[in-house]
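Peer 1: Sharing a structure here in structure tokens format.
Coordinate-derived values only; no laboratory data. Just so we're clear, the structure is a prediction, and the values are computed from it rather than from any experiment. Positions of Cβ are generated from backbone atoms using ideal geometry, with glycine treated the same way; all protein chains shown enter the neighbour counts.
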């Protein structure tokens, strides 16, 4: 039995579904037939989203979760450029918890981020526990310090005071994006960047924490404290919180090195 059915009496035979997914639809002179099976359908939902007469039903997907798009909605390119340029890596946070509903909204948004082959196998560990984050940060900092010892102060100069939390910066929330070990990290990075941009709309700041990712891959102590399932691997790490400082300008960056061919 096909995973997809078509209300044929209302189908206008436009053939858009066939053009988009020839593996799962067949068209004759007077009918379009759905042939989707588990081994042929990637559950992308594109056939449902493209159908102009709304006659396609996917029995493996939530048909109530295909809201109509507002095609009149326009995003100003200049405003979007300012939005992207306004993103900063935040390492100084207010001592203020993030509402759980805001974190949940960011997590839920990640399921709509693209994944290779529509695998949808990225998962997120959200840690709000202050003591646990402090332990992970301390273990990570100790591991990194062994690899990169802090520079010694010149004679007569005092060493700068150590940061109280040089890894997570006392952020109220940490998000660890992970995927199966046999999968590349690209999908986790895409999900994380989706959170980075969406968090800005909630007045939240973020920062990528590559030190934890590196330490997790190389330190058994860090892996034990993070406690991911054995078949998972970290692909990206973010800290989140309300910024203490308010940036008034975007910043300069080197021009992009590009080759037009």
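Peer 1: Test residue 118 against the stated conditions and say whether it is more than 30 Å from residue 241 (Cβ to Cβ) and without any contact (Cβ under 8 Å) to a residue 60 or more places away in the chain. Give the derivation first.
Peer 2: Working: more than 30 Å from residue 241 (Cβ to Cβ): yes; without any contact (Cβ under 8 Å) to a residue 60 or more places away in the chain: no.
The answer is no for residue 118.
Peer 1: Which of the residues that make up the stretch 180-213 are in a strand (DSSP E or B) and crowded, with 24+ Cβ neighbours inside 10 Å? Before you say what the answer is, go through the steps one by one.
Peer 2: The initial filter retains those residues of the stretch 180-213 that are in a strand (DSSP E or B), namely 180, 205-208.
Within the stretch 180-213, 205, 206 meet the criteria.
Peer 1: Name, by its number, the condition in (1) more than 14 Å from the chain's Cα centre (by Cα); (2) in contact (Cβ under 8 Å) with a residue 40 or more places away in the chain that does not hold for residue 217.
Peer 2: Only one criterion is unmet by residue 217, namely (2).
Peer 1: Just need a number here: residues in the stretch 218-232 that are touching a strand residue (DSSP E or B) at 6+ places or on another chain (Cβ under 7 Å) and assigned to a helix (DSSP H, G or I). First the steps, then the outcome.
Peer 2: Keep residues of the stretch 218-232 that are touching a strand residue (DSSP E or B) at 6+ places or on another chain (Cβ under 7 Å), which gives 226, 228, 231-232.
Now restrict to residues that are assigned to a helix (DSSP H, G or I): 226.
Residues that pass the stated criteria total 1.
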